[in-house]
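The values are calculated or read from the model by the stated rules, or taken from the named source; none is laboratory data. Because the structure is predicted, anything quoted here is derived from the model rather than measured. Please note: Cβ atoms are built from the backbone with ideal geometry, for glycine as well, and neighbour counts cover all protein chains shown.
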Amino acid sequence: MLVKKVPNVTALLDPGAKAWRKVDREVVDLYGMPVHLQTSRYVRTVWADKLIGKVRAVSVRAAHDGERVAVQMEWNDEAKNTEFAERKFPDAAAVVFAGSADAPLVTFGTADKPVNAWYWRADLAEGENLVAHGLGTDRNTDDAPIASRAQWEDGRWTVVLSRPLKVKGAENVKLSAGKSVKVGFTVWEGENQERGDLRSYSRQWRELTLEA
């Protein structure tokens, strides 16, 4: 997957910007998180016969200008869910990076092999930078600010997550032109009451290369 070099990423922070049409997209298949890996016994019991991971594909584009990178994610979603209340959950998505070459994507890393996720949720004003060492361990850090913008139109979400290439923090993914990192994607469908580890995810890491 190529992160296209562009003159200025600022124009691409708008999810519907026409400039995104000049960036090649890749469709990534998604799968439901296995119920036996759910950390909650209650969830494993209640969701044993339910569909986990309603969203089964996401379209991805990415671009950078040498200073900042932006990732656009698009997927079909008939209902716009933006509320977090009793039995109501917002739609959400994340771009996930491997903190080490063999960090497992399905479990969001392990104790000694973390992942770094750029997280968007429909009820939050901005994106969050998360670090996780396994399921249920994700924490928000403020050393790598994530900008996010989103629009829902005609049954489809378009979300842009963006970050400067250079940030502090040992557990934040290192990005530079000409280099590759391992990336994955995950989506939560609020209408399906997905939250936490109830989600869709891409099963395998992909090579994400920043065009020099």
- Query: Hey, any hits in the range 120-143 for a residue that's within 21 Å of THR10 (Cα to Cα) and among the β-branched types (Val, Ile, Thr)?
  - Reply: no
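Here is a yes/no grid of residues against (1) more than 19 Å from GLN151 (Cα to Cα); (2) surrounded by fewer than 16 Cβ atoms within 10 Å (Cβ to Cβ):
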{"residue": "VAL6", "(1), (2)": "yes, no"}
{"residue": "VAL9", "(1), (2)": "no, no"}
{"residue": "LEU13", "(1), (2)": "no, no"}
{"residue": "GLY16", "(1), (2)": "no, yes"}
{"residue": "TRP20", "(1), (2)": "no, no"}
{"residue": "VAL28", "(1), (2)": "yes, no"}
{"residue": "VAL35", "(1), (2)": "yes, no"}
{"residue": "THR39", "(1), (2)": "yes, yes"}
{"residue": "TYR42", "(1), (2)": "yes, yes"}
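May I ask you to say which residue of THR10, THR45 is outside any loop (DSSP other than H, G, I, E, B), of a type outside the set (Phe, Trp, Tyr), over 17 Å from the mean Cα position of the chain (by Cα) and at pLDDT 95 or above?
Numbers: THR10 fails: at pLDDT 95 or above.
Residue meeting the stated conditions: THR45.
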Considering the range 121-142, residues that are buried (at least 18 other Cβ atoms within 10 Å of the Cβ) and acidic (Asp, Glu), and then whichever is nearest to VAL167 (Cα to Cα), we arrive at GLU128
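Go through the range 51-66 and report how many residues are surrounded by 13 or more Cβ atoms within 10 Å (Cβ to Cβ), out of contact with any Gly (no Cβ under 6 Å at 6 or more places or on another chain) and not in a strand (DSSP E or B).
Of the residues in that region, 5 qualify.
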Residues in the range 156-173 that are of a type in the set (D, E, K, R), surrounded by 14 or more Cβ atoms within 10 Å (Cβ to Cβ) and assigned to a loop (DSSP other than H, G, I, E, B) total 1
